[in-house]
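What follows is a short report on a single structure.
The values are calculated or read from the model by the stated rules, or taken from the named source; none is laboratory data. Everything numeric here is computed off the predicted structure, so don't read it as measured data. Cβ atoms come from the backbone with ideal geometry, glycine included; neighbour counts cover every protein chain shown.
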Amino acid sequence: METTGESIIQVKKERSYISCLIKGCGYGFKHLGLLLRYMWPSLLLASLLPIPFICFYGGQMDAILRKWTELGYVPNTTLKAMKGEVTRCSIRNVFNLLLTLLFALLLAVIMCLPIFVGLSFGWCLLIGLIVSAILVPFLSAITLQISFSDFSLGRCFPEGLWMGYKNFGRLFAFELLEFLIVLPIYIIANIPNAIVSGVCLQAYNGYIMGDTIDLPVIFPIVAYLNFVVVMGIILVTYLVINFSRCLMWGSLVDEVPTEAEANS
């Protein structure tokens with residue numbers, strides 16, 4: 001592996017959540033070209049078929065971030081050179097994905113419960129926001145531990161819960177600010193998807209009413225290519241923002257830095 005020529009950055013260092021977000025995004029964007037040369041196999045596969053290749057993408061990304069934590073710089077490496085680490089990180093990434101899906105399912109169930117006792121949709125939304133505000137910092141801490149720590153998966157859960165409890169305010173503020181930054185990007189990126197979905201819905205409604213579907217034969221291909229492009233934009237955004245998440249984890253871990261890290 002070769003260095004990228006920039007100064008060493010100590011990941012395991014106490015920082016404010018704003019500093020983690022700004023510095024991490026800037027660092028990830030600065031080295032986006034180098035990252036894409038390493039990430040392009042999983043980026044392409046995850047854009048074409050998010051299931052199951054999204055875990056491969058997350059594993060490859062976590063592998064390079066772990067190297068960044070260890071070395072202090074983004075190495076100029078290849079997928080072949082990091083095959084073992086990518087495999088290990090991909091397996092751990094499956095647990096992060098399952099945990100996130102479980103959280104989404106739990107949140108959906110909690111939001112639907114008020115309906116059964118006669119409450120309005122506004123109450124469902126309010127309860128969902130309150131539950132999210134309480135649980136997201138804990139979910140974030142656990143997923144950060146799974147992604148970047150060397151703990152076993154069994155140990156990541158209690159350690160993550162303890163980290164979330166001790167740093168609830170910082171994690172909440174970080175996740176909220178991160179959400180406000182990525183939300184406009186996701187909305188803009190999904191405008192083409194919204195247009196395509198609207199066309200499909202209108203065609204389907206016409207078909208239900210007895211009209212013939214007069215969409216061009218090439219339309220399904222165009223719709224799929226549109227999905228691939230949008231998915232690629234979202235994945236690249238996640239790649240850049242994940243550098244901030246790595247810095248955030250490094251600012252929260254209770255770990256004495258090594259001599260090399262202390263002198264960097």
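Brief remarks follow.
- Residue within segment 70-87 that is closer than 16 Å to Tyr238 by Cβ and out of contact with any Ser or Thr (no Cβ under 8 Å at 6 or more places or on another chain) present: no
- Candidate set from segment 73-87 (those that are within 22 Å of the chain's Cα centre (by Cα) and of a type in the set (D, E, K, R)); member that is surrounded by the most Cβ atoms within 10 Å (Cβ to Cβ): Glu85
- Residues that are among the aliphatic types (A, V, I, L, M) and over 19 Å from the mean Cα position of the chain (by Cα) do not occur anywhere in segment 14-27.
- Of residues in segment 130-158 being loosely packed, with under 15 Cβ neighbours inside 10 Å and of a type in the set (A, V, I, L, M), the one farthest from Val11 (Cα to Cα): Ile130
- Qualifying position, being under 15 Å from the mean Cα position of the chain (by Cα), closer than 21 Å to Gln145 by Cβ and of a type in the set (D, E, K, R), among Arg92, Arg66: Arg92
- Single residue of Ser120, Ser197, Ser132 found to be among the hydroxyl-bearing types (Ser, Thr, Tyr), at pLDDT 80 or above and out of contact with any strand residue (DSSP E or B) (no Cβ under 7 Å at 6 or more places or on another chain): Ser132
- Just one of the listed residues (Leu113, Leu119) is hydrophobic (A, V, I, L, M, F, W, C), surrounded by fewer than 17 Cβ atoms within 10 Å (Cβ to Cβ), without any contact (Cβ under 8 Å) to a residue 24 or more places away in the chain and outside any helix (DSSP H, G or I), namely Leu119.
For every residue, the table says whether it meets (1) buried (at least 16 other Cβ atoms within 10 Å of the Cβ); (2) in contact with a Phe, Trp or Tyr (Cβ under 6 Å, 6 or more places away or on another chain); (3) within 25 Å of Tyr224 (Cα to Cα).
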{"position": "Lys12", "(1), (2), (3)": "yes, no, no"}
{"position": "Tyr17", "(1), (2), (3)": "yes, yes, no"}
{"position": "Trp40", "(1), (2), (3)": "no, no, yes"}
{"position": "Gln60", "(1), (2), (3)": "yes, no, yes"}
{"position": "Ala63", "(1), (2), (3)": "yes, no, no"}
{"position": "Leu71", "(1), (2), (3)": "yes, no, no"}
